[in-house]
Structure formats: structure tokens, C-alpha cells
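Report on the structure given below.
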Amino acid sequence: MKRTVIAAVLLCSVSAFAQKFEGLALTPPMGWNSWNCFGCDVNEVLIMQAADAMIESGMKDVGYQYIVIDDCWHGERDSLGFIHPNPEHFPSGMKVLSDYIHSKGLKFGIYSDAGWKTCGGHPGSRGYEYQDALTYAEWGVDYLKYDWCNTDDLNAKGAYMNMRNALFAAERPIVFSLCEWGNNQPWEWGKEVGHLWRISGDIAPIFDGEEGHGSWISWGVLQILDMRPDIRKYAGPDHWNDFDMMEVGNGMSVAEDRAHFSLWCMMASPLMAGNDLQHMSQETITILTNREVIAVNQDSLGIQGFRCYQKDDWEIWAKPLKGGDMALCFLNRGKNTEKIEFDWGEKIIKDDEFKKQVSFVEKEYQIRDLWTKKDIGTTKQIFKTKIASHDVVMLRLFKK
Ligand code: GAL
């Protein structure tokens, strides 16, 4: 009898206090994830080299901090159910790897799955959530990406809450990244469960198009950008719409990489690089480390951008920023260079969702081009520019 009462009290207190760790992602998380470039071919040397490269390339200096090992790090569970890394690929063990990453001033992320098995066929966390959360806490994990393969009839919110509660009970603050592909509208319930949620299936290194893989499809940059125009209201500090890890440096043209990066910044998406950090071209480094473009992504208001103007093959995306500034991204979706003459004149950019607006009649704004890094006049003059195919011009408007 006594034991039942104690158990009931314990259970009540766990569920009453279970919550996500608040405040771990007040701006969109920035880091690197192994999947897009290396898939299942991961090992401890590769991960350490990625950490070294994040520092040497200057990425850490501009805000990237998470080094996340995606699928396929796993070995087997032992007789007590504890998970171990693959002993051939991670012979030193995860604690040593985590210590290495931490010693560089970076943070350590790992991957699991709400189902029986991960998408790569390794042990998933279903039925082992509390045990796995304890293990991750012991390893010093700071970020968990939690996938949705092999989940049968599980209820998505319930499954993700279960892991959220397990992480909370393990008492190590861990950013919780929901990778459920948008199947069960995670934007509607994700805020109380995790810090970011994927809004789509997997990205591919394609600017405009898709790639079939039999039973599933991976998406180009524009396809993910356009997929869910109605969910920006769900995103904000500590709860982000995740447009997927980036494909910058994975084979698209420099213009396409620049556009991809700019758009992910405009959308306040998490910025997880997905390329080989050890072997980056100077162009890739320049794109990934543009501080002024990153500042748009990391703006403390945390408002996701929206399309505010469209003409022929080009359009403008807007993102209200702190202090009344506004970021604008002119995007050319078409195959030809677009010559643009944009008269700010009578135009008003209005964000009904977040109750922000700029009117160029009432106020004059100073304009800075965030890629050429030049101040280019004010909104009193007609803005004239050319945008190459699949490229962008990204501006920040400052109140005068
Ligand atoms: C997918 C996920 C990818 C990657 C992959 C690993 O479900 O969307 O980002 O994690 O699984 O198998």
C-alpha cells in the first residue's frame, strides 16, 4: 500500500515537472550534421576533423557550435539494454569524442529514432527512451535529433513527448530536434515538446526539382521553401521551423548556394551545414561565414520571413528585424538574368501575422547590400540591379 502511494507520488511529480529545457535555442541553432555529405559513413576521426575544420574555417567565430553525428554511429544494445557506439568506427567511445568536441569550445549532438529502428536500420529508442536519455547525458550530449522511421502506429506527439520527458528526467539540458518530416503537423504541438521541428522530407543538393528514391522523394531548395507557406506563425525563439540541414558546398552552383543560404537565413531556419568542412572551397566558406547574413538569421525577434512581392520570375522575401530594420531578399527563380528596377515609392511591406510594417512614404531607410557588403543609398532612390539565374540580392534596410 505504502509503496503504491510512493510510486504514485513519484509518477505525479515526474509528469508534473516534465517539460522541455527552456531557453536552449533562443536563436536558430547553428552547427554541422554528418548526414548530407557522409550518410552512414561516419567514424570518430571524421567527426573530430569536422570539429577542427569548424574552428579553422572561422565557422565557430561566426556562431556555429553543434557537431552532430547523424544516423549509423550505433553498435548494439548490451544485455541490460544500454546502447553502445559501433566499436570499429568509434573505438574510443562517445565520452572521449564528446570531451574532444567540448575541449574545442563546441557542442556535441547525436541522432536517434522514435521507432524500433533508425532509418539506417540501427537500434531505435522505442522502449529505451529513459535509458538512452541517461546514456546521452553521461556522454555529455548537447543536442538530440530524433527521427521518425519504423514507428508503426505510434502517436507522434506522444512519442516525442516521451523522449522530451526522458531527457528532462536525465537532467542534462539537451536541444531536442524533432525530425518527423512534417507528417503530423509538428508546428502545431512542437513548441512545448522541442526546440525545432523538420517541416519536410529530406533535402537534396538541387536548387529547383526533386529526386525520387522509390518509396520516398527528396526535395530541392525551392520546393522546401514553398512547401508550407502558412506555418510561419508557429516559429519563434526556442521553437523553430526546420527547413533541413543545408546543402551549401554539396554540388550546386555558387549562386544557388548563396541563394539557398540567404533563404534559410530569411526563414529563421536552423543553420546546420551539411558539407565536408575539411574540404571547402573559398566560395563555400565565404557563403557559410557571412556575418551580416547570419545576423539576419540570428535576429533576436526570431520572426520567420515571408514572400511579400512577386513579378515574373523574381520575387522579394521580407523578414522584420529588431529595432524596426527589415531584411529583404530578391530571388531570381528563373533561367535568365533579371534586370530589376524597384521603386520603393508608395510601397508598404506589411507583415499581418506579426504586426510589423515598413512604409517608404513615411520613412526613409538606408540600404546595405549584405553580399557585396556595401551601403547602396536609400529608399528615396529607385533600386536598380541585375540578378543572375538562381541567385539573390540580399539587403538590410536600416531606419534613418
Ligand atoms: C531521415 C532524416 C535525414 C537523416 C536520415 C538518416 O529520416 O530525415 O535527415 O537523418 O533519416 O537515416
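What the table below lists for this structure:
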item	result
Global geometry of region 211-346, whether rounded, prolate or oblate, following the gyration tensor of its Cα atoms and the 1.5 cut on a/c	rounded
0 to 90° range, to nearest 10: angle between helix 129-139 axis and the chain longest Cα axis	80 degrees
Rounded tilt (10° steps) of 156-170 against the dominant C-alpha axis of the chain	70 degrees
Mean Cα-pair separation over length for the chain, i.e. relative contact order, pairs under 8 Å, 6 or more apart, %	14 percent
Mean residue ellipticity (222 nm) of the chain, computed from DSSP H runs ≥ 4 via -39,500 (n - 2.57), nearest 500	-8000 deg cm²/dmol
Nearby aspartates and glutamates by direct alpha-carbon distance to Lys104 (threshold 16 angstrom, same-chain neighbours under 8 apart not counted)	Glu44, Asp52, Glu56, Asp61, Asp142
D (Stokes-Einstein, µm²/s), Kirkwood Cα radius, region 55-170, 0.890 mPa s at 25 °C	166 µm²/s
Percentage relative contact order, region 19-178, counting C-alpha pairs under 8 Å, at least six apart	24 percent
When each of Lys335/Lys386; Lys311/Lys347; Lys319/Lys384; Lys95/Lys145; Lys107/Lys233 is checked by Cα-Cα distance, pairs over 23 Å	Lys107/Lys233
Share, in percent, of DSSP beta bridges within the chain that are antiparallel, nearest 5	65 percent
Net charge of Cβ neighbours under 12 Å - reference Asp52; Lys, Arg +1; Asp, Glu -1	+1
Gaussian network model of the chain, springs between alpha carbon atoms under 10 Å - residue of His279, His195, His122 with greatest fluctuation	His279
Qualifying lysines (Cα of each under 16 Å from Cα of Lys322; at least 8 residues distant if same chain)	Lys350, Lys355, Lys356, Lys399, Lys400
Local electrostatic count, Ser359, Cβ distance below 12 Å [Lys/Arg +1, Asp/Glu -1]	+2
Gap separating the Cα centres of region 144-209 and region 338-400, nearest whole Å	36 Å
Charge tally in the Cβ shell below 13 Å around Gly121, where Lys, Arg are +1 and Asp, Glu are -1, Gly121 excluded	-3
Shape of the chain, Cα gyration tensor, a/c cut at 1.5	prolate
Cα gyration tensor category, rounded, prolate or oblate, for region 306-399 with a/c compared to 1.5	prolate
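Read-outs: derived from the displayed coordinates by stated rules, not from any lab. Quick caveat, the model's predicted, so the values are computed rather than measured. We place every Cβ from the backbone using ideal geometry, glycine too, and count neighbours over all the protein chains shown.
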